[in-house]
Amino acid sequence: METILIVDDEKNYLTILSALLEDEGFEVLTAPGGAEALEVHKSSDLDLILTDMKMPKMDGIELLENIKENDPDLPVIMMTAHGTVDKAVEAMQKGAYTYVLKPFDNERLIIFVKKAISMYQVVKENRRLRDAVESQYRFGNIIGKSKKMRDIFDTIQKVAPSGATVLIEGESGTGKELVARSIHFNGPRREKPFVAVNCSALAENLLESELFGHERGAFTGAVATKKGRFELADGGTLFLDEIGELSPNLQVKLLRVLQEKVFERVGGVRTISVDIRILAATNKDLQQEMQDGRFREDLYYRLNVVHIALPPLKERQEDIRLLVNHFIKKYASERKSAAPVTGVDQEVDRLFYDYNWPGNIRELENVIERVMIPCPGEIMRVSDLPKGFKDNVYNTLHLEGIPADAKLYDTLAMIEKALIERALKMSNNVQSHAAALLGIGKSGLNQKIKKYNLEVG
């Protein structure tokens, strides 16, 4: 039920309006003056204020100014007599939704009230959605405790408030768009659009139209003028994913936008100016692409003002358990008919730790999502994992670092050492936990630590 506050120093109006609006299904609060109205506003969740213009001590204009200072979106309708219409117009200039003349037509008043509240409901829903999006992309939602990820958090925090262009490099599935959104939603343009475009998803002619828009008749099928992503992102941020796939022609046009902040639509002659922040991402080594002549040097340096290199998941193994727990919580709500999955057993933990994750975080999330719904118990076991994934894991034989002429005894010693190092890492150097992971006693583990001269921090 929507709540309306009526403010008027005439008791008769408070009584009449309260009855009228309550009959329409609204909850009604009243206040005899501006100061009292401000107290009600502080303690109540209001959807509309309906206030008289002329009141002692604090008039309607002053009340409006106070309300708008603290709650700029809350609609305020002014009630006024014929003699104060000029003041009502002034009030609208200061943010009032509209004004009604006393004595007023009940039906007309109800129409204004419902329209104002309907508008405010849209504003509140947009605000809720925006807050939800922003919370999704706050720094805390980029999961990781490894040194590499902590360094990236620091970089994001420093660069977000600036308008600097950022180049994000990393393998597919490492979270490049998540980083880009975090930069946007933690910066000064957070209230403006975030527009993303995948430069590898469209052919060159279609991508040009997608980026810059086109005029009617610019090509076959262009039956109407279309704004491109640059225009749609005006005032906000444009995220260009897979920037390394841009053709030489589009590289030139992008360079011009970066340098001059202007462009023309396809088939157009009118120069369009934009105020945007550019964030770019690629899974290629752009410096190598530049050296090989496939990427313009001047464009590279325009994009690479701030550089963020996202590590593959195999280089941040200490983050795997955090990510697993995060995705389990994310998809827990989809397990409607069984007890929630709370974690994974030690064998799955070890398997996840050993796997190279060529698809990175995206692959890990996919595995967790696929297992969650059909998982028969609260703990995820190896038998629950998708067969294709298990085949990939077991078909991967890690022989890196083992000489081709290594003898069996030496090889086993190397494997034993590696297993102990892994267990210590996984347990944050808590030896009792590491011993449990290895299935040996703590004293036995101590002996092996000494045998291999391992440093335990």
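The values are calculated or read from the model by the stated rules, or taken from the named source; none is laboratory data. What you see is a predicted model, and the numbers here were worked out from it, not measured in a lab. Cβ: placed from backbone, ideal geometry, glycine included. Neighbour counts: every protein chain shown.
Quick notes on this one:
- Asp298 being at pLDDT 90 or above, closer than 30 Å to Glu231 by Cα and in a loop (DSSP other than H, G, I, E, B): no
- Criterion applied to Glu177, Glu208, Glu204 was being modelled with pLDDT under 95 and within 24 Å of the chain's Cα centre (by Cα), and the one residue passing it is Glu177.
- Flag: Phe219 matches the condition of being part of a loop (DSSP other than H, G, I, E, B) and either over 29 Å from Thr174 (Cβ atoms) or touching a strand residue (DSSP E or B) at 6+ places or on another chain (Cβ under 6 Å) (or both).
- Selection count, the range 33-76, where residues are assigned to a loop (DSSP other than H, G, I, E, B), crowded, with 18+ Cβ neighbours inside 10 Å and of a type in the set (Gly, Ala, Ser): 1
- Restricted to the range 188-201, and to residues there that are at pLDDT below 90 and over 13 Å from Leu240 (Cβ atoms), the residue that is nearest to the chain's Cα centre (by Cα) is Arg190.
- Of all residues in the range 241-262, those satisfying the criterion of being of a type in the set (Val, Ile, Thr) and surrounded by 17 or more Cβ atoms within 10 Å (Cβ to Cβ) are Ile243, Val257.
- Within the range 80-91, the set of residues being modelled with pLDDT of 80 or more and either surrounded by 15 or more Cβ atoms within 10 Å (Cβ to Cβ) or outside the structural domain of Leu63 (by TED's automatic domain parsing) (or both) comprises Thr80, Glu90, Ala91.
- Selection from the range 378-424 of residues that are more than 26 Å from Lys450 (Cα to Cα) and at pLDDT below 65: Tyr394, Asn395, Thr396, Leu397, Ala404, Asp405
- Under the condition of being among the charged types (D, E, K, R) and closer than 15 Å to Ala281 by Cα, the residues counted in the range 160-212 number 5.
- Residues in the range 285-306 that are closer than 14 Å to Gly244 by Cβ and touching a strand residue (DSSP E or B) at 6+ places or on another chain (Cβ under 6 Å): Leu303, Asn304.
- Candidates Thr30, Thr15 - the one that is outside any loop (DSSP other than H, G, I, E, B) and surrounded by 14 or more Cβ atoms within 10 Å (Cβ to Cβ): Thr30
- Of all residues in the range 267-284, those being farther than 20 Å from Glu245 by Cα and in a loop (DSSP other than H, G, I, E, B) number 8.
- Qualifying residues in the range 219-240 (those that are of a type in the set (Phe, Trp, Tyr) and without any contact (Cβ under 8 Å) to a residue 60 or more places away in the chain) - the one surrounded by the fewest Cβ atoms within 10 Å (Cβ to Cβ): Phe219
- So Lys253, is it among the charged types (D, E, K, R), within 21 Å of the chain's Cα centre (by Cα) and not in a loop (DSSP other than H, G, I, E, B): no
- Filtered residue count, the range 1-35, keeping only those that are touching a strand residue (DSSP E or B) at 6+ places or on another chain (Cβ under 8 Å) and free of Cβ contacts under 8 Å to residues at least 12 places away in the same chain: 1
- Residue check for Leu310: under 29 Å from Gly187 (Cβ atoms) and either charged (D, E, K, R) or at pLDDT 90 or above (or both): yes
- With respect to (1) exposed (fewer than 14 other Cβ atoms within 10 Å of the Cβ); (2) at pLDDT below 80, the lone exception for Ser427 is condition (1).
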